[in-house]
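Here is the structure we will look at, set down as structure tokens.
The values are calculated or read from the model by the stated rules, or taken from the named source; none is laboratory data. Note that the coordinates shown come from a computational prediction; the quantities given were computed from them, not determined experimentally. Positions of Cβ are backbone-derived with ideal geometry, glycine not excepted, and every protein chain shown enters the neighbour counts. Each accessible area value is taken on the protein alone, full model and side chains, heavy atoms only, with ligands, DNA and RNA left out. Shrake-Rupley method; radii C 1.70, N 1.55, O 1.52, S 1.80 Å.
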Amino acid sequence: MKRIRGLAEETIFAPSSGNQKAGVCVIRVSGAGCRKVLDGLVGEPVRARQACLRTLSNTENGEPIDRCLVLWFPGPSSFTGEDVIELHVHGGRAVIDATLRTLGNFSGFRLAEPGEFARRAFLNGKLDLSEVEGLADLINAQTEMQRKLALREADGRVKALYEGWRGRLLHCLSFVEADVDFVDEDDVPDDLGSTISGSLAELLEDVNKHCANPMQGEVLRQGFRVVLAGVPNVGKSSLLNRIAQREAAIVTETAGTTRDVVEVFVDLGGYPVVFCDTAGLRGTEDPVERIGVERAVKAVNEADCVVWMCDERLEWPEAARSLTDSDAIWIRNKGDLGDPGESAPQRSPVSLVVSAQSGEGVVDLLALIQASASERFELTEDIGVVRQRHAECVTNCAGHLEAALKLSGQDHFDTELLAEELRLAARALAKIGGRIDVEDILDRIFGEFCIGK
Ligand SMILES: Nc1nc2c(ncn2[C@@H]2O[C@H](COP(=O)(O)OP(=O)(O)OP(=O)(O)O)[C@@H](O)[C@H]2O)c(=O)[nH]1
Ligand SMILES: [Mg+2]
């Protein structure tokens with residue numbers, strides 16, 4: 001277990017329950033100075049890990065600040081691993097300010113930086129990096145599905161999976177290292193290759209299966225991107241506004257109104273969905289509109305789901321046809337104007353008629369999109385790779401595992417080389433939990449937190 005270096009000198013404190021006016025505000029204190037708070041600010045003794053109702057008093061003039069609940073967690077059995085106190089004060093601005101001011105008067109005390117409590121928990125071996133990332137996700141989760149995914153990281157399921165794989169690798173490595181170091185010992189199997197290749201093949205299969213639905217977690221974190229695309233004037237921006245229930249995008253009768261991609265975040269049955277309105281697709285001489293069309297094409301290509309909006313009254317340009325995707329949802333807008341009839345220049349594979357103006361069919365469209373998102377995010381037993389950072393480590397591990405498997409299958413191989421591949425595969429997994437090579441990523445990860453966590 002890592003011990004903190006130098007940090008314990010400073011006791012940190014911060015409100016941990018957000019900045020809104022509320023009934024209660026939890027102010028957390030962590031560090032060796034906690035006992036000063038118990039003696040000076042709280043006064044009366046408190047029992048460890050039990051909520052005690054106490055009066056906080058200003059250390060300068062002895063005046064009472066608030067009557068509040070005090071929770072005392074002596075280290076190392078605390079969130080950070082250090083001594084921790086939680087003060088559940090009344091959530092008014094003046095109470096919070098007076099409490100923070102008094103805490104700041106203790107020598108060696110300072111306001112915590114964002115993520116500093118979690119950083120201390122990590123440095124004290126209370127959490128591994130995947131759990132820290134899960135905690136950040138849990139705090140940032142805006143929808144039910146994001147919460148579920150974050151909990152899988154925060155409660156240690158991601159950690160358990162990768163640590164389990166690492167354990168299997170280290171087990172194989174122990175045979176190889178035994179072969180290298182003690183070739184004459186009895187308990188080292190003669191046929192090293194065949195002993196470990198079965199285990200390595202099984203592990204590689206598990207790793208590859210796990211990577212089969214890559215970045216599911218990343219998509220869930222960023223949101224399922226639904227791009228509204230089609231020729232100009234079909235009503236893409238009107239539909240976006242109808243879904244957002246506000247005037248998010250400009251709507252006019254002029255074809256070619258939208259240029260930039262306009263994004264709106266929606267919680268669709270627990271799934272985080274980002275709807276993107278785009279410029280109407282058409283060939284154009286206008287340089288600004290051309291950039292808009294390029295952005296629209298890019299958005300379509302990067303979309304998780306494309307809603308192709310058409311209007312059979314309008315010509316469907318060749319450029320747009322080449323982009324069409326059989327998995328996309330095809331809709332015809334302006335249903336309130338009636339069917340264009342057989343006289344329309346073309347018939348597209350429309351599965352739904354909607355009207356951005358009256359709202360007709362929009363609920364059905366949202367249900368189709370939700371079904372598509374739920375198919376994509378089905379949270380199975382194997383949680384898949386949840387972060388880009390993890391994906392890089394797992395891919396790296398798989399590469400070394402493959403190399404090791406190949407070596408172990410040969411009649412004659414260099415055991416040193418095999419051991420090195422196994423070590424590198426295990427290192428790649430160790431990186432996920434932050435056992436090694438963490439210095440360069442710590443600031444980025446803890447920077448995701450707000451103050452007080
Ligand atoms: N009757 C009717 N008119 C609509 C409907 N949806 C949009 N319109 C009208 O169609 C025109 C174009 O609407 P927009 O939402 O700007 O169309 P767009 O596809 O975003 O157009 P571009 O940004 O130019 O690509 C506006 O005059 C809207 O009021 C609808 O469902 N019914
Ligand atoms: Mg528009």
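At-a-glance table
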quantity: Low-density loop positions, trypsin sites (Lys or Arg not before Pro), segment 35-119 - DSSP coil, at most 10 other Cβ in 10 Å; calculated: 47
quantity: Cα centroid separation, segment 231-282 to segment 115-136 (Å); calculated: 39 Å
quantity: Gain in span if fully extended, residue 69 to residue 9, counting 0.36 nm per residue against the direct Cα distance; calculated: 19.0 nm
quantity: Solvent-accessible area per residue for the chain (1.4 angstrom probe, square angstrom); calculated: 48 Å²
quantity: Helix runs (DSSP H) in the chain reaching 20 Å along axis by Cα, Kyte-Doolittle at least -1.0; calculated: 157-181, 192-210, 287-302, 362-376, 388-408, 415-433
quantity: Cross-link reach list, lysines versus residue 126, counting only Cα pairs under 23 Å and skipping chain neighbours closer than eight places; calculated: 2, 148, 159, 431, 453
quantity: Debye, to nearest 20: dipole size of the chain, +1 on Lys, Arg Cβ, -1 on Asp, Glu Cβ; calculated: 2360 debye
quantity: Computed lengthening from residue 170 to residue 290, 0.36 nm per intervening residue step minus Cα-Cα distance; calculated: 37.6 nm
quantity: Value in Å of the Kirkwood radius, where the chain supplies the Cα pairs that are averaged; calculated: 26.5 Å
quantity: FRET E, pair residue 93, residue 222, Förster distance 41 Å, beta-carbon r, rounded to 0.05; calculated: 0.75
quantity: Within segment 387-420, backbone nitrogen closer than 13 Å to the virtual label 7 Å beyond the Cα of residue 194 toward Cβ; calculated: 409-411
